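First up is the structure itself, then whatever we jot down about it.
Values quoted throughout were computed directly from the atomic coordinates according to the rules given, and no laboratory measurement underlies them. Just so we're clear, the structure is a prediction, and the values are computed from it rather than from any experiment. Please note: Cβ atoms are built from the backbone with ideal geometry, for glycine as well, and neighbour counts cover all protein chains shown.
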Amino acid sequence: MSAGPASIRESISAGDRARLDRVWSDAPGFYGWLTAVNHKSIGKRYIITAFVFFLLGGLLAATMRLQLARPANPLIGPDRYNEIFTMHGTTMMFLFAVPVFEALGVYLVPLMVGTRNIAFPRLNAFSYWLYLFGGIFLYVMFARNMGPDVGWFAYPPLSGPQYGLAKRPDVWAQLITFTEVAALAISVEIIVTAFKLRAPGMSLNRIPVFVWAQVVTAFMVIFAMPAIMLASTSLILDRLVGTHFFTPQDGGDPLLWQHLFWFFGHPEVYIIFIPATGIVSTIVSTFSRRPIVGYLAIVLSLVSIAFMGFGLWVHHMFATGLPDLGASFFTAASIMIAIPSGVQIFCWIATMWSGRVSMRAPMLWVIGFFVVFVIGGLTGVMLAAVPLNLQVHDTFFVVAHFHYVLIGGAVFPLFGGMYYWFPKITGRLMHERLGVAHFWLFFIGFNLTFFPMHLLGLRGMPRRVYTYPPEMGWGALNLLATAGAFLMAAGVIVFLWNVAWSWRRGEVASDNPWDASTLEWATSSPPGPCNFPRRACSSPTKMRRS
Amino acid sequence: MLIVCTVVFVLVMGALTVALVRGRRSRLPATDAAADSRLHTAVGIAVTATIVVLFGLLIASFITQRAVESLHASSAVTIDIIGHQWWWEAHYEDAQPDRRATTANEIHIPVGRPIVLKLTSRDVIHSFWVPSLDGKRDLIPGYTTAIWMQADRPGVYRGQCAEFCGRRHANMAPFVTAEHEDQFDRWLASQRAASRAPSTEAERHGQQVFLTSSCALCHTIRGTSASATVGPDLTHIASRGSLAAGTLANTREHMARWIEDPHVNKPLNQMPPNSLAGGDLNALVAYLESLR
C-alpha cells in the first residue's frame with residue numbers, strides 16, 4: 001500500500017502544492033501562533049499541555065507518597081494534604097486523562113478519516129484556550145493556597161456554603177465549567193468530523209477502530225458532562241447566591257449531588273478508557289500484521305460499554321444506605337460491563353494468536369496494559385458485590401483498583417500510542433531502547449506502588465487520610481508503595497528525555513514506519529498543512545492481506 | 001471470589017503468553033476465512049465462559065448480601081450515632097427516658113446480640129466503619145441510615161471514619177468494646193447515671209473551673225449545670241480509653257495538654273485553646289479524671 005499514497009503526493013503540481021499549504025497553514029509569527037486553527041497545531045499543543053498537567057499531578061502524587069511513607073509523618077499538615085489530593089484527582093481526571101485522549105482525537109481523527117482539518121476548527125481552538133486557562137487558573141489558585149480541598153468529588157455539605165473554606169470549592173466548581181465546555185466542544189467536532197468529513201469509500205464498517213472509539217467517547221461526553229456542569233453550577237449558586245440545592249437544613253439534598261456527580265463520574269471512567277482501547281486495537285492490529293479479529297464485535301462492545309456505563313453510577317454510593325433491591329440492580333449492571341470488556345480482550349488475544357507479532361515499544365506497552373488492566377478489571381468485579389464493597393469502599397483497595405484500571409487501562413496504552421504516533425507527529429522515531437527502559441521502570445514501579453495498596457485496603461487503611469498511627473502496622477507496605485512511586489517517576493523522566501532527544505535527533509521516520517493500514521500513514525511524516533494534497537480514498541484493498 | 005478471579009487472571013495471561021509466543025514464531029499471519037471463523041468460535045467460547053463465571057459471582061454476591069442484611073432480631077440493642085466534625089456522639093435508646101445513656105467515640109456492645117446503629121450527621125457526611133464488625137454506612141445530614149452488626153468475640157475493635165469529612169478526617173476513630181452481657185449491663189448502668197460528685201478539694205475546685213470557664217459553653221456533664229451539646233458529653237470521660245476520637249490515650253498528662261492547646265495533637269480541630277492558670281488546669285484535670 002505504500003505505493004498508493006506516494007503517487008497521491010507526486011501527482012500534484014508544485015504550484016498547487018504551495019497554494020494548498022498557504023491556505024491550510026497557520027499564519028506566521030506570534031500572531032499566527034495565537035490564531036492557529038489547524039487541527040495538528042491545536043492537537044499538538046493539547047497533547048503537550050495535558051502531559052504538563054500529568055507531570056504536575058504526578059508531582060502531587062509523589063508528595064502524598066512521601067507523606068504516607070511512614071506513620072505519623074510530620075511532613076505535611078492535613079490542610080495542605082487535603083488540597084494536594086484534591087488537586088491530584090482533579091488534575092488527573094479533568095486536566096490530563098480526558099483532555100489527552102481528546103487531544104489525540106483532535107490530531108488523529110481528521111487524518112484517519114482522510115480529511116484536511118477537523119470540523120469547526122475555530123471552536124477547536126476556543127476549546128484549547130478555555131482548557132488552558134482553566135488549568136492555569138486552578139494552579140494559580142493552588143499556589144496562592146486557595147486550591148480546592150474537598151476531594152475531586154466535592155461532596156456537599158463539606159463543599160457547601162457552610163463548611164467549604166474560603167473560595168476553595170468555588171475554584172473547583174469554576175474549573176469544572178472550563179474543562180467541561182472544552183470537552184463538549186471537542187466531542188461535537190469529532191462526531192461531525194467522523195460522520196460528515198470521511199474520505200470517499202470509507203463506509204461505516206471501514207472506519208478505523210480508534211475513530212469509532214473517539215466517536216463513542218464523544219457521545220458519552222455529550223450525555224455525561226451536562227450532569228456535572230449542572231451539579232457544579234448548582235453548587236456555586238448555593239455558595240454564592242444562597243440557593244438550597246444541597247443544604248439539608250434548608251430542605252436541600254446532599255444525596256442529589258452524589259447522584260448527579262456519579263451519573264457523570266462513572267461514565268467518565270469509560271470516557272477515559274474507551275479511547276485507550278482504540279489505541280490498543282490499533283497497535284495490536286499493526287504489530288500483529290493483520291486486521292483486527294472481530295472488528296464488528298469490538299465496535300459493538302464499545303457502543304454497549306457506552307450505554308451500560310450510564311447504568312452503574314450507584315456502585316459508588318452503596319454505603320449511603322440505598323434500598324437493597326436497587327443496589328442489587330447496580331451490582332448486576334456493574335458485573336455485566338465486564339462482558340464487553342472481555343470481548344475486546346479476547347479479540348485482541350485472537351489477533352495476536354493468528355498474526356505475526358513484532359515486539360516493538362508500542363506493543364510492549366500493550367502487553368503491560370493487558371497484565372495491569374485485567375487485574376483492575378477483576379478487582380472491579382469484586383467491588384461490584386455489595387457485601388465486599390461495603391468493606392473495602394473508601395479504602396486503599398479502591399485506590400489500588402482504580403489506578404490499575406486507569407493507569408493500566410489508559411496510561412499504558414497512551415504511552416504505547418505516544419511511541420506509535422510520535423514518528424507521524426514529529427517525523428522522527430522514538431529511541432527504542434529508552435522506550436523499553438521506560439516501560440520496565442514504569443511497569444515495575446507501578447506494581448510496587450499499587451499492588452500493596454490492595455493489601456492495605458483489606459487491612460483497613462482508609463483513603464484520604466494524611467496520616468495513620470504507627471500501631472496499625474501499615475508502615476512497611478506504605479514505604480514499599482512510596483519506593484515504587486519513585487521508580488515510576490524515574491520511568492517518566494526517561495520518557496521525557498526520550499521525547500526531547502528523539503524530537504531533535506531521533507532516527508528519521510518514513511511515511512509509514514510501522515507498515516500500518518490506517519490513513520494517517522498514507523501521508524507524509526509529519527503531515528503537511530493540508531494533510532492530504534489529493535483527497536484521500538479508502539478502498540478495501542487498503543486492508544493489508546499479506 | 002479471590003480464587004475465581006485468580007484463576008481467570010492466570011487463564012487470560014496464559015492465553016496472552018501462548019498468543020505472543022505463537023505470534024512471534026509464525027511466519028505469515030493466518031487471515032483466511034477458515035482461520036478467522038475458528039478464531040471467532042474461540043472468542044465466542046471465551047465470552048460464554050466469562051458470562052457463566054460472572055453469573056456465578058453475581059449469585060454468590062446476592063446470597064452473601066442477604067446473609068449480611070438479614071441479621072434482624074427483636075432483641076437488638078439500638079444505638080443512635082451522630083457524626084460531628086470530628087467525633088462521634090452516641091445515644092443508647094430506651095423507651096424510658098431515664099434509662100437512656102449518652103457517650104462519645106467509644107461504645108460498648110454485648111457479645112452475641114445484634115446491634116442496630118441508627119446513623120445521622122449534624123454537619124457534613126461521615127461514614128461509620130469498624131472493619132472487623134461491619135461494612136460502612138454513611139452518616140448523611142438530613143437522613144437517618146441504619147446498619148446491623150454483631151460481635152461474636154469479646155474485644156476492643158477500632159473503627160475509622162470512612163467518608164472524607166474535612167481536615168481531621170484521619171483522626172476520627174470510633175472504638176467498639178464487645179463484652180459479655182453482664183459486663184455490658186453494668187457498663188450501661190454506670191453510663192446512665194449522672195456524674196460523680198467531686199470528693200476532694202482539688203476536684204471541687206476543678207468543677208468550679210469547668211462551670212465558670214468556656215468549657216461549659218460546649219460540653220455537658222450531667223448532674224451539673226453544664227448542658228451544652230456542641231462538643232462530646234463528658235459525664236463519664238474518665239471511663240473512656242482515649243481522648244479526641246482515638247487521637248491520644250486518656251491520661252492526666254494528655255488531658256492537660258489537650259485542654260491547653262488541642263491543636264498540638266489534632267491541628268485545626270474545632271476546640272479552642274484555653275489559657276488557664278496552672279493551679280486551675282491541674283484542678284480541672286483532677287476533676288475530669290475523676291468522672292468514671
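Summing Cβ point charges (Lys, Arg +1; Asp, Glu -1) relative to the Cα centre of the range A:1-112 gives a dipole of roughly 160 debye.
Averaged over the residues of B:58-65, the number of partner chain Cβ atoms lying within 10 Å of the residue Cβ comes to 6. Residue exposure proxy: B:CYS218, B:CYS161, ordered by other Cβ atoms within 10 angstrom of their Cβ from fewest to most, comes out as B:CYS218, B:CYS161.
Compute the separation of the alpha-carbon centres of the range B:187-219 and the range A:260-288 and state it in Å as a whole number. First find each Cα centre; the distance between them is then 62 Å. Residue by residue along A:352-362, Cβ atoms of other protein chains within 10 Å of the local Cβ number 6 on average.
For B:LEU248, the shell of other residues with beta-carbons less than 9 Å away shows a net charge of +2, using +1 for Lys and Arg and -1 for Asp and Glu.
Long hydrophobic helices in chain B, taken as whole DSSP H segments with a C-alpha length of 27 Å or more on their own axis and mean Kyte-Doolittle hydropathy at least -1.0: B:2-25, B:33-69.
Each principal axis of the protein assembly as shown carries a Cα extent, and these read 106, 59, 46 Å when sorted largest first.
Label-to-label distance, B:ASP182 versus B:THR48, with points set 7 angstrom from Cα along the beta-carbon direction: 6.5 nm. Within the same chain, lysines fewer than 8 places from A:LYS167 are excluded, and of the rest, those with a Cα less than 27 Å from its Cα are B:LYS266. Look at the dipole of the range B:111-212 built from charges on Cβ: of B:GLN207, B:VAL176, B:GLN150, the Cα furthest out on the positive end belongs to B:GLN207. With R₀ set to 35 Å, the beta-carbon distance separating A:VAL303 from B:ARG153 gives a calculated FRET efficiency near 0.10. For the range B:103-196, the fraction of alpha-carbon pairs lying more than 20 Å apart is 39 percent, rounded to a whole number. Of interest is the spacing of the C-alpha centroids, which for the range B:37-74 and the range A:211-253 amounts to 34 Å. Label 7 Å along Cα→Cβ of B:VAL21; the range A:339-354 residues with amide nitrogen under 20 Å? Within reach of a label on B:VAL21, which here means backbone N under 20 Å from a point 7 Å along Cα→Cβ, the range A:339-354 contributes A:346, A:348-354.
Any idea what angle helix A:39-68 forms with the longest principal axis of chain A, computed on alpha-carbon atoms, 0 to 90 degrees, nearest 10? Roughly 30 degrees, rounded to the nearest 10. Less than 5 angstrom separates the built amide H of B:LEU248 from those of B:LEU243, all sequence-distant by 5 or more or on a different chain.
The lysines within cross-link reach of A:LYS196, meaning a Cα-to-Cα straight distance under 27 Å and a gap of 8 or more places when in the same chain, are A:LYS40, A:LYS44, A:LYS424, A:LYS542. For B:ILE79, B:ILE147, which order do you get if you count the other beta carbons within 10 Å of each Cβ and list the fewest first? Lowest to highest Cβ neighbour count: B:ILE79, B:ILE147. Peptides A:125-137, B:14-26, A:273-285 ordered by packing proxy, namely the average of other Cβ atoms within 10 Å per residue, highest first: A:273-285, A:125-137, B:14-26. Treating r as the C-beta distance of A:SER358 and A:SER203 and R0 as 35 Å, the FRET efficiency rounds to 0.75. Measuring r between the beta carbons of B:LEU268 and B:THR6 and using R0 = 41 Å, the FRET efficiency lands at 0.40.
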